[in-house]
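Heads up, the thing below is written out as structure tokens.
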Amino acid sequence: MATKPKGAKKAPSKASKAELLEFYRAMLLIRRFEEKAGQLYGMGKIAGFCHLYIGQEAVVTGMQACLKDGDQVITGYRDHGHMLACGLDPKGVMAELTGRSGGLSKGKGGSMHMFSREKNFFGGHGIVGAQVPLGTGLAFANKYKGGDNVSLAYFGDGAANQGQVYESFNMASLWDLPVVYVIENNQYAMGTSVARASAEVELYKRGISFEIEGEAVDGMDVLAVKEAGEKAVKYARSGKGPYILEMKTYRYRGHSMSDPAKYRKREEVDDIRTHHDPIEGLKGQIIEAGHATEDELKNIDKEIKGIVKDAADFSLESPEPDASELWTDVLREVEGV
Amino acid sequence: MSVDILMPALSPTMEEGTLSKWLKKEGDKIASGDIIAEIETDKATMEVEAVDEGVLAKILVAEGTEGVKVNAVIAVLAEDGEDAGDVKPKSNGAAAPAKSDAEPVAKEEKPEPKADAEAAPAAPVLSDPSIPEGTSFTDTTVRDALRDAMAEEMRRDETVFVMGEEVAEYQGAYKVTRELLQEFGARRVVDTPITEHGFAGLGVGAAFGGLKPIVEFMTFNFAMQAIDQIINSAAKTLYMSGGQMGCSIVFRGPNGAASRVGAQHSQDYASWYGHVPGLKVIAPYDAADAKGLLKAAIRDPNPVVFLEHELLYGTSFPVPDLDDHILPIGKAAVKRTGTDVTLVGYSRMVGFALQAADELAEQGISAEVIDLRSIRPLDTATVIESVKKTNRLVTCEEGWRFMGIGAEICASVVSDAFDYLDAPPARVHQKDVPLPYAANLEAMSLPGVADIVAAARKVCYVDQE
Ligand SMILES: Cc1ncc(C[n+]2csc(CCOP(=O)(O)OP(=O)(O)O)c2C)c(N)n1
Ligand SMILES: [Mg+2]
């Protein structure tokens, strides 16, 4: 069973200028969006639980670059970044966070429960681990229908201890289902570090007894993510079955907006921020390769701040859902039986 | 352009906080992500991160200021190239003077107490026959009452232990297990991985093995992962083994809607567990009952599902100063006497029913309020006795109506006290949809005081439909 005990791999800089700038833009959009969401939460415009993706941007950005039309994505409640990476309009995402009619779920789902049929984004799930069998089921449907589409099921290091994850692994491997399990190991599940919750802390090895290939990836390096992702997606697409990618990443903020994060030292966060930030890292590469100047990148940032501001404005101007929406969407109408 | 830095809301229930410390001073350069201040919320001390970058031009609320309202301007940031001396706050929001022992930010009219700091209505407290006369009381939050109950039982019985997600080092996701780790150590206060089905089953097995587990679910929404072990293993084994093997175990945690957390995190499971023979199900309202009933649940030789309410954790009630305040399971409490209509509820709905009774009194309707406290066994005798007096019934639950607790109570009353009813009973409940996130829809969906008042007026034929 080939599992590679590898941590960070130095990214090859064979990526094109266009691709590097695209990644930069995509990650920065997530970062600025999440910062704004945090701000709106602080102002009481977003309520309930709100889990920010800041620090983990390279994971979804790199993985999304490996997908083609018809491939599906599913994740947990820390989902804003995944939706933006899937190409969803920031306005619709932000308006869902504020619970307005312009939100992707008409304001009925909220931060943790968002979906898009159009972009094949299947949520947005509030129950830790539940998305893993669901993502496996999407792969089952892909195989059943005979196409070569692949599903990506994202979940956290904490979710990796839920039993249904292993029930899914077994079926996916038994039936060679085209699913890539992306474990976003940001090192904490709420206040619990991986070592305090997991007997085997190398999560990419969790598939060994199911004969699933696994690999650890530097999740703070978008190019490393993309390289590993391409391999895994190709493997699943070719009919060989599931694949596990353990993304070593980090969340900068508290678990949700109300987490004081006393379980880790400020220096730990600062160290990752200064030495491993995915956006700063890519920025350095872009400038070093002469693809853009500091000023040109600053302009991109300005442009993205504008997009995010528009999204925030929209999310505050969009009216609350109509009262009649309370009763809609509970069941579908039965047609033509 | 200058940017106002506002007092952030850092929990779903925070309305004001203490600005405990500034970590930057006027004139400091700030990058987004920098920690600029520390504030104390209703639950914890939190760091405030800068979102925008620039120079901290003015601090408007001095450190140490208490009662700073969410969204008050606490400082002003000058952006690149701006003269820090010139900036003024843009919003004419409530900025407190920057002196160190500053008064709290201009006290506006106190907002309706809500959520975590829900006020206990000042209803005439009826003496509980189980509490000896002359007993003194101490105001205690429901959160601390639950904690004290566990601590007392753990001191008393070495086989009692607590297990669940974040119960030990994090001190509980909602701080209900605060300081238990410090007192009892990691052997008896056990942090689990996120594996509800596994640790609930493990708890049942440990109970078979002679221990008395308290299994905390971070919320009961996550106990759905574990419901098979609760019902098939915990509830049925005594029966299936012909009485040889039971289990003494408590499954506890917050139940019901919290604040804007959406459909998957907001459900009332009272009727779900109430359906199952072999379980006892408790859903207390006030702190004294929470304490007395949790202690009883821990000592009970049966599996007990103990349903708490997050939005009551921060509410204080008088708790008797007794060495061993323990209450019988299965007894409802008459919280307020009345003659015209009986309002029956459990958990948070009892508070609403008491408020409704106050309003109804002003309208000349005398309501009797019954706190069920226990869902299974259900004290229908107390309800029927009340209905025999008032002849009218309103049931109040946070969950859905269909197959709900209200349906069960109505069926009992109709079968045992049919001739005493002067009007068909009414049920107050959540709307028959998954709980929506949007503020307006959530408010429409959840039952409240107004719904109870309306239902009471209806069964009293004050409002004809
Ligand atoms: C079944 C279930 N149990 C508990 C929770 C509460 N909860 C929400 S997120 C979380 C931590 C999950 O951590 P991880 O899987 O590492 O993901 P991360 O938050 O780090 O992205 C917990 C315990 C839940 N939502 N669902
Ligand atoms: Mg994690």
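The values are calculated or read from the model by the stated rules, or taken from the named source; none is laboratory data. Predicted model, so just to flag it, every value in this text is computed and none were measured. Positions of Cβ are backbone-derived with ideal geometry, glycine not excepted, and every protein chain shown enters the neighbour counts.
Table: residues versus (1) more than 16 Å from ligand 1 (Cβ to nearest atom); (2) over 22 Å from the mean Cα position of the chain (by Cα); (3) surrounded by fewer than 20 Cβ atoms within 10 Å (Cβ to Cβ); (4) in the same structural domain as B:Thr141 (by TED's automatic domain parsing).
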| site | (1), (2), (3), (4) |
| --- | --- |
| B:Ala258 | no, no, no, yes |
| B:Tyr285 | yes, no, no, yes |
| B:Leu293 | yes, no, no, yes |
| B:Asn302 | yes, yes, yes, yes |
Scan region A:159-169 and tell me whether some residue there is charged (D, E, K, R), away from ligand 2 (no atom under 16 Å from the Cβ) and away from every other protein chain (no Cβ under 14 Å).
no
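Of a type in the set (A, V, I, L, M), surrounded by 18 or more Cβ atoms within 10 Å (Cβ to Cβ) and either more than 14 Å from chain B (Cβ to nearest Cβ) or within 16 Å of ligand 2 (Cβ to nearest atom) (or both), is that true of A:Ile208?
On the way: of a type in the set (A, V, I, L, M): yes; surrounded by 18 or more Cβ atoms within 10 Å (Cβ to Cβ): no; either more than 14 Å from chain B (Cβ to nearest Cβ) or within 16 Å of ligand 2 (Cβ to nearest atom) (or both): yes.
Taking the combined requirement at face value, the residue does not satisfy it.
I want to confirm something. Restricting to region A:240-272 and keeping residues that are part of a helix (DSSP H, G or I) and without any contact (Cβ under 8 Å) to a residue 24 or more places away in the chain, which single residue is nearest to the other protein chains (Cβ to nearest Cβ)?
Taking region A:240-272 and keeping what is part of a helix (DSSP H, G or I), we get A:266-272.
If we keep only those that are without any contact (Cβ under 8 Å) to a residue 24 or more places away in the chain as well, we get A:266-271.
Values: A:Arg266: 7, A:Glu267: 12, A:Glu268: 14, A:Val269: 9, A:Asp270: 9, A:Asp271: 13 Å.
Here the answer is A:Arg266.
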For region B:161-201, how many residues meet the condition of being among the β-branched types (Val, Ile, Thr), in contact with a Phe, Trp or Tyr (Cβ under 7 Å, 6 or more places away or on another chain) and within 16 Å of ligand 2 (Cβ to nearest atom)?
1
Considering only region A:51-105, state which residues are in contact with a Ser or Thr (Cβ under 6 Å, 6 or more places away or on another chain), within 16 Å of ligand 2 (Cβ to nearest atom) and more than 22 Å from A:Asn142 (Cα to Cα).
A:His51, A:Gln56, A:Val59
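Yes/no matrix, rows are residues, columns are (1) surrounded by fewer than 18 Cβ atoms within 10 Å (Cβ to Cβ); (2) more than 14 Å from chain A (Cβ to nearest Cβ); (3) touching a strand residue (DSSP E or B) at 6+ places or on another chain (Cβ under 6 Å); (4) within 21 Å of B:Ser316 (Cα to Cα):
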| position | (1), (2), (3), (4) |
| --- | --- |
| B:Thr135 | yes, yes, yes, yes |
| B:Asp144 | no, yes, no, yes |
| B:Arg147 | no, yes, no, yes |
| B:Arg156 | yes, yes, no, no |
| B:Ala168 | no, no, yes, no |
| B:Gln182 | yes, yes, no, no |
| B:Gly185 | yes, yes, no, no |
| B:Gly198 | yes, no, no, no |
| B:Ala207 | no, yes, yes, no |
Of all strands (runs of 3 or more DSSP E) fully inside region A:127-220, the set with 2 or more residues that are away from ligand 1 (no atom under 15 Å from the Cβ) and among the β-branched types (Val, Ile, Thr) is A:179-185
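Does A:Ser315 satisfy the condition of being among the hydroxyl-bearing types (Ser, Thr, Tyr) and loosely packed, with under 13 Cβ neighbours inside 10 Å? Break it down stepwise before answering.
Details: among the hydroxyl-bearing types (Ser, Thr, Tyr): yes; loosely packed, with under 13 Cβ neighbours inside 10 Å: no.
Here the answer is no, as A:Ser315 does not meet what is asked.
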Any chance region B:193-214 includes a residue that's within 15 Å of ligand 1 (Cβ to nearest atom) and in contact with a Lys or Arg (Cβ under 7 Å, 6 or more places away or on another chain)?
no
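Restricting the search to region B:256-278, which residues are of a type in the set (S, T, N, Q) and over 19 Å from B:Asp432 (Cβ atoms)? Quick ask: steps written out before the conclusion?
Initially, region B:256-278 is screened for residues of a type in the set (S, T, N, Q), giving B:259, B:264, B:266-267, B:271.
Within region B:256-278, just B:Ser259 meets the criteria.
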Since A:Ser324 meets every condition but one in (1) in contact (Cβ under 8 Å) with a residue 60 or more places away in the chain; (2) under 30 Å from A:Leu104 (Cβ atoms); (3) more than 9 Å from chain B (Cβ to nearest Cβ); (4) part of a helix (DSSP H, G or I), which condition does it not meet?
(1)
Which condition from (1) over 15 Å from A:Leu245 (Cβ atoms); (2) within 16 Å of ligand 2 (Cβ to nearest atom) is the one that A:Leu177 breaks?
(2)
Residues in region A:247-260: is at least one at pLDDT 95 or above and among the aliphatic types (A, V, I, L, M)?
yes
Search result, residues across region B:12-41 that are within 10 Å of chain A (Cβ to nearest Cβ) and in contact (Cβ under 8 Å) with a residue 40 or more places away in the chain
B:Pro12, B:Thr13, B:Met14, B:Glu15
Residue check, A:Met220 against (1) within 14 Å of chain B (Cβ to nearest Cβ); (2) in contact with a helix residue (DSSP H, G or I) (Cβ under 8 Å, 6 or more places away or on another chain); (3) in contact (Cβ under 8 Å) with a residue 40 or more places away in the chain, all met but one. Which one?
(1)
Only residues that are within 11 Å of chain A (Cβ to nearest Cβ) and outside any helix (DSSP H, G or I): list them for region B:209-234, please.
B:Met218, B:Thr219
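Residues that are among the aromatic types (Phe, Trp, Tyr) and assigned to a helix (DSSP H, G or I): does region A:117-126 have at least one?
So the first thing to find is which residues in region A:117-126 are among the aromatic types (Phe, Trp, Tyr), and the list is A:121-122.
Within this subset, residues satisfying the condition of being assigned to a helix (DSSP H, G or I) are none.
No, that holds for no residue.
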